[in-house]
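The values are calculated or read from the model by the stated rules, or taken from the named source; none is laboratory data. What you see is a predicted model; the values in this text were computed from it and never measured. Note: ideal-geometry Cβ built from the backbone for every residue, glycine included; neighbour counts use all protein chains shown.
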């Protein structure tokens, strides 16, 4: 009985505590007359850091436009204010490689890749969006023979300036910010040299962000101790700062940015508020913009929204789009935060509030969040304020805003269904600047004088579907110098090339001649591109291959069951059919690195162009060259499924054409047909099958 009474007392005490909290309405004051805080620099996202927007460009135009509207169109969706893009360096940088505008010192091409296109589309929708470029890797030549981009600061600065000028010359894009080297050590001499060369090149408007790493120091200390460095730097950017900065970073008086932060679902609104509340961080830029890369590549689903099926047209608008909209649709770059204690602070019942005001002090936007982040991968980021209860609050506007009679209200419950995301509620009525609001757990509220917010929408997109088979591409529809839509390079760079061979007009060429200066801690010497569905097990792949005589690789391959990409590409398994024409050698390997070779033999019938065919079924593999069966091999122990792929055995030139992928039944029939055609001297008809 005593135990029961004790339990009842505990429950009663808890209930009374809750009721007391609800009855005691807490007042939060918003007052610009006591001073204002730092300038707001905008909310953005990163395209790149590993080919993360790769599949987006291949969407049907109408659906692609809808996706872009959700991301960039003001007062519609996420309404992003900053777009940060990778300056391609031919190196793997998370989910793939992005092509450099200068593969070699004598080479310039500003049509490569999709970041140019994406920046143009973002600017088309929002002319005020800020653009930020950052390299993850560099072509080998930038290292000037030392494997470091800092060995010749003038050369590296020239490389970066050419990218900035190329954006302006070819796309009329003005780059606002430039970074140093993503999550790699910085070099003071290079930063100062880059600033000087930007200025003398007429690019004094381009601000330098340092150091795009996971710590605020030591770059903040170096800025304090080196006036030349301080004059060169515009902003300090830290990655995943856990909503905090440091006293030393604040002492520099530079604007502090979370120049890469996590989208991470329901906690996004909490991150946006508490980055400024805890760390005086004035810009948050999320990695990544959009999940537009194949499932089973690293960090699938890390984008603000998902568009990874151009063949079906399916895309998904995530709750994070609307969590972002709570800030971006009701603010602009250049607004100012109110001061801590006068508009910025924590809620007594858990959660936080921040307020921003327009430069003319005619508009105010207040964002309130009560996200518990329970079960979140990053819940520890908010451990000091992670317990949230329902609350009743009193909004008290003073200073320039004391005479406001109402605030427009927008509401989301990110953990709920789409029906509870970014809803316009009845205005909060203010009497003598005061108004009441009841807030539950896991909610986001925006209270604002701005009246132009919109929850943009389109008809539902097409249903999701698997990558279609059979698949074929002769690449004739591409202009030279662009990356084929569905092939995703994991090492090297594959782009279309105008051939002098009349039977192979437009082909794919692997173009990287030397190992790039890498971002990944692990590298591979085997350029490879993947395509399709990671679950493919029994499969047929076919491709025409040519290895040239100048700057060429020593071998090439086609592959099935490719298990992985990203920084771990070097250890990927699968079934790889290699040819080495210069030594009349062929191989079948259970891994890309050729440490698990299951067959090695000779073949003397190589031609300039060679049709390679590979059928993988169960624990068997059959390979053909020019219609002749050269390998029939048990592959016990190999990977059970994966992507299709093609590539080279080393850096150097090789060409590919007439790619075909089929299910195994159709593929085996095709092998028989190719052999019959070859034996009857009608082999040239095979591509029409």
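If the condition is being out of contact with any strand residue (DSSP E or B) (no Cβ under 9 Å at 6 or more places or on another chain), touching a residue at least 24 places away in the same chain (Cβ under 8 Å) and not in a strand (DSSP E or B), then the range 603-638 contributes only 618. In the range 163-180, the residue that is surrounded by the most Cβ atoms within 10 Å (Cβ to Cβ) out of those that are in contact with a helix residue (DSSP H, G or I) (Cβ under 9 Å, 6 or more places away or on another chain) and under 27 Å from residue 213 (Cα atoms) is 180.
Among the residues of the range 588-597, those that are crowded, with 18+ Cβ neighbours inside 10 Å and not in a loop (DSSP other than H, G, I, E, B) comprise 588, 589, 590, 591. Check the range 657-664 and report whether any residue there is in the same structural domain as residue 498 (by TED's automatic domain parsing) and modelled with pLDDT under 95. Yes, the range 657-664 contains at least one residue that is in the same structural domain as residue 498 (by TED's automatic domain parsing) and modelled with pLDDT under 95. Residues that are in the same structural domain as residue 271 (by TED's automatic domain parsing), in a loop (DSSP other than H, G, I, E, B) and at pLDDT 95 or above do occur in the range 157-172.
Could you tell me how many of the residues in the range 567-587 are under 31 Å from the mean Cα position of the chain (by Cα) and either closer than 18 Å to residue 656 by Cβ or not in a loop (DSSP other than H, G, I, E, B) (or both)?
So in the range 567-587, the residues under 31 Å from the mean Cα position of the chain (by Cα) come out as 567-576.
Restricting the remaining residues to those that are either closer than 18 Å to residue 656 by Cβ or not in a loop (DSSP other than H, G, I, E, B) (or both) gives 567-571, 573-576.
Here the count works out to 9.
Might you check whether a residue that is surrounded by fewer than 24 Cβ atoms within 10 Å (Cβ to Cβ), more than 30 Å from residue 204 (Cβ to Cβ) and without any contact (Cβ under 8 Å) to a residue 24 or more places away in the chain occurs anywhere in the range 270-281? Scanning the range 270-281, I find no residue that is surrounded by fewer than 24 Cβ atoms within 10 Å (Cβ to Cβ), more than 30 Å from residue 204 (Cβ to Cβ) and without any contact (Cβ under 8 Å) to a residue 24 or more places away in the chain, so the answer is no. So is residue 311 touching a residue at least 24 places away in the same chain (Cβ under 8 Å) and closer than 20 Å to residue 440 by Cα or not? For residue 311, the condition - touching a residue at least 24 places away in the same chain (Cβ under 8 Å) and closer than 20 Å to residue 440 by Cα - is not met.
Of the numbered criteria (1) more than 18 Å from residue 104 (Cβ to Cβ); (2) assigned to a loop (DSSP other than H, G, I, E, B), the one residue 145 fails is (1).
Kindly indicate whether residue 320 is surrounded by fewer than 24 Cβ atoms within 10 Å (Cβ to Cβ), at pLDDT 95 or above, assigned to a helix (DSSP H, G or I) and not assigned by TED's automatic domain parsing to the domain that holds residue 487. So residue 320 fits the description; yes.
Six or more apart or on different chains, Cβ atoms under 7 Å: show the pairs whose first residue is in the range 471-496 and free of Cβ contacts under 8 Å to residues at least 12 places away in the same chain and outside the structural domain of residue 659 (by TED's automatic domain parsing) and whose second is assigned to a strand (DSSP E or B) and surrounded by 18 or more Cβ atoms within 10 Å (Cβ to Cβ). Matching pairs, first to second residue: none at all. Under the condition of being over 19 Å from the mean Cα position of the chain (by Cα), surrounded by 21 or more Cβ atoms within 10 Å (Cβ to Cβ) and assigned to a loop (DSSP other than H, G, I, E, B), the residues counted in the range 30-75 number 3. Among the residues here, residue 95 does not qualify as at positive phi, in contact (Cβ under 8 Å) with a residue 24 or more places away in the chain, in a loop (DSSP other than H, G, I, E, B) and not assigned by TED's automatic domain parsing to the domain that holds residue 566. Only one of the numbered conditions (1) surrounded by fewer than 19 Cβ atoms within 10 Å (Cβ to Cβ); (2) under 16 Å from residue 520 (Cβ atoms); (3) touching a helix residue (DSSP H, G or I) at 6+ places or on another chain (Cβ under 7 Å) is not met by residue 154, and that is (2). Filter the range 143-160 down to the residues that are within 28 Å of residue 289 (Cα to Cα), touching a strand residue (DSSP E or B) at 6+ places or on another chain (Cβ under 9 Å) and in contact (Cβ under 8 Å) with a residue 40 or more places away in the chain and list them by number. Across the range 143-160, the qualifying residues are 149, 159, 160. For the range 514-566, taking the residues that are at positive phi and part of a loop (DSSP other than H, G, I, E, B), the one that is nearest to the chain's Cα centre (by Cα) is identified as 532.
Looking at residue 231, is it surrounded by fewer than 21 Cβ atoms within 10 Å (Cβ to Cβ), on the phi > 0 side of the Ramachandran plot and touching a helix residue (DSSP H, G or I) at 6+ places or on another chain (Cβ under 9 Å)? Answer is no for this residue.
Among the residues making up the range 238-266, those that are without any contact (Cβ under 8 Å) to a residue 40 or more places away in the chain and on the phi > 0 side of the Ramachandran plot are 240, 253. Being in the same structural domain as residue 665 (by TED's automatic domain parsing) and without any contact (Cβ under 8 Å) to a residue 40 or more places away in the chain is a property that residue 587 has.
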